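Peer 1: Just dropping this structure here.
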Amino acid sequence: MSSTEIAVAVRNLRRRYGDRVVINGLDLTIRKGEFVALLGESGCGKTTLLRALAGLDPVDGGHIDGPTQPAVVFQEHRLLPWAPLWQNVALGMETAEGRAKAEAALQEVGLAGREDDWPRNLSGGQSQRVALARALVREPRLLLLDEPFAALDALTRIKMHVLIRKLVARHQPGVLLVTHDVDEAVAIADRILVMRGGEIAASYLTDAASATTLREQLLKELGVESDSRAA
Ligand SMILES: Nc1ncnc2c1ncn2[C@@H]1O[C@H](COP(=O)(O)OP(=O)(O)OP(=O)(O)O)[C@@H](O)[C@H]1O
């Protein structure tokens, strides 16, 4: 794989809090255009890894070869309430060109004509659409998603899955999605990783098995005994 095809390459990453080792020699490579989902039990270190890749937290060892400022979308939209939508998207490029790019990005996420509207007038799903527009307007090589759809209702979540797949296909960033939702991972990722013991413990290509089989394998990997309906 040539370096131009790689969104991020992580080698032997280590991170601890006091005596507690959270990331323990983790290796990970994400290609541009590849959608990777990261699952793992609560507290296993998913957010710690994402924040390290985002450059938000230091690491104790290892190497991250990737952009210094990748785009990040969090569970909360983090829009500025005092700025109209186009400024929220254009952050830092508040010129005529920045406005034009922001308008185009808002159109892409289904909010055409809303550029002068305010964050307070948006639903949760619409706010996350603006957060996605803000992330993609700079054409990032790496897009980090920390449970961005977790607070949305089920139907809105499905619509966001369709939208994010379309946006990633068009813009081709490498994506790391941290999620608790096995079905979400199976629905949108090209590759699903399970984190355990500070490392990547398992990796599944989503086309390597049917969605149902893969879902069952993942639930087993995550220590879920069985599903109520499937039992
Ligand atoms: N700032 C911090 N100081 C001390 N310990 C921390 C800090 N941040 C996280 N931890 C610990 O590191 C471990 C990993 O936390 P992290 O938030 O990365 O897990 P996670 O897999 O994202 O969990 P969840 O799925 O519940 O969000 C946990 O044991 C947590 O308590």
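Peer 1: What residue, of ASN24, ASN12, is more than 15 Å from the ligand (Cβ to nearest atom) and either among the basic types (Lys, Arg) or over 15 Å from the mean Cα position of the chain (by Cα) (or both)?
Peer 2: One residue alone meets the criteria, ASN12.
Peer 1: Can you name the condition, by its number, that ASP57 falls short on among (1) away from the ligand (no atom under 16 Å from the Cβ); (2) surrounded by fewer than 17 Cβ atoms within 10 Å (Cβ to Cβ); (3) under 23 Å from ALA150 (Cβ atoms)?
Peer 2: Status for ASP57: all satisfied but (1).
Peer 1: Scan the stretch 87-126 for residues that are of a type in the set (Gly, Ala, Ser) and surrounded by 22 or more Cβ atoms within 10 Å (Cβ to Cβ) and jot them down.
Peer 2: ALA90, ALA102, ALA105
Peer 1: Something else: Exactly one condition in (1) within 16 Å of the ligand (Cβ to nearest atom); (2) touching a His at 6+ places or on another chain (Cβ under 9 Å); (3) of a type outside the set (S, T, N, Q) is not met by ASP19; state its number.
Peer 2: Only one criterion is unmet by ASP19, namely (2).
Peer 1: Condition first: at pLDDT below 95, among the hydrophobic types (A, V, I, L, M, F, W, C), under 30 Å from ILE192 (Cβ atoms) and surrounded by fewer than 17 Cβ atoms within 10 Å (Cβ to Cβ). Can you find one or more residues in the stretch 156-166 that meet it?
Peer 2: yes
Peer 1: Which residue is farthest from LYS166 (Cα to Cα), if the candidates are limited to the stretch 69-82 and must be among the hydrophobic types (A, V, I, L, M, F, W, C) and in contact (Cβ under 8 Å) with a residue 24 or more places away in the chain? Explain how you work it out, then say what you get.
Peer 2: Taking the stretch 69-82 as the starting set, the residues that turn out to be among the hydrophobic types (A, V, I, L, M, F, W, C) are 71-74, 79-80, 82.
Subsequent filtering for residues that are in contact (Cβ under 8 Å) with a residue 24 or more places away in the chain retains 71-74, 79-80.
Values: ALA71: 17, VAL72: 18, VAL73: 16, PHE74: 19, LEU79: 23, LEU80: 26 Å.
Filtering first and then ranking leaves LEU80.
Peer 1: For the stretch 196-222, give me the residue count where each residue is at negative phi and not in a strand (DSSP E or B).
Peer 2: Final tally of qualifying residues: 17.
Peer 1: Only residues that are surrounded by 20 or more Cβ atoms within 10 Å (Cβ to Cβ) and either in a helix (DSSP H, G or I) or out of contact with any Pro (no Cβ under 7 Å at 6 or more places or on another chain) (or both): list them for the stretch 67-86, please.
Peer 2: Hits for the stretch 67-86 are VAL72, HIS77, LEU85, TRP86.
Peer 1: Another question, if that's okay. Mind listing whichever residues of the stretch 31-54 are outside any loop (DSSP other than H, G, I, E, B) and either of a type in the set (D, E, K, R) or more than 8 Å from the ligand (Cβ to nearest atom) (or both)?
Peer 2: Scanning the stretch 31-54 gives ARG31, PHE35, VAL36, ALA37, LEU38, LEU39, LYS46, ARG51, ALA52, LEU53.
Peer 1: May I ask you to say which residue of LEU167, LEU193 is outside any loop (DSSP other than H, G, I, E, B) and touching a residue at least 60 places away in the same chain (Cβ under 8 Å)?
Peer 2: LEU193
The values are calculated or read from the model by the stated rules, or taken from the named source; none is laboratory data. Only a predicted model underlies this, so the values are computations on that prediction, with no experimental measurement involved. Please note: Cβ atoms are built from the backbone with ideal geometry, for glycine as well, and neighbour counts cover all protein chains shown.
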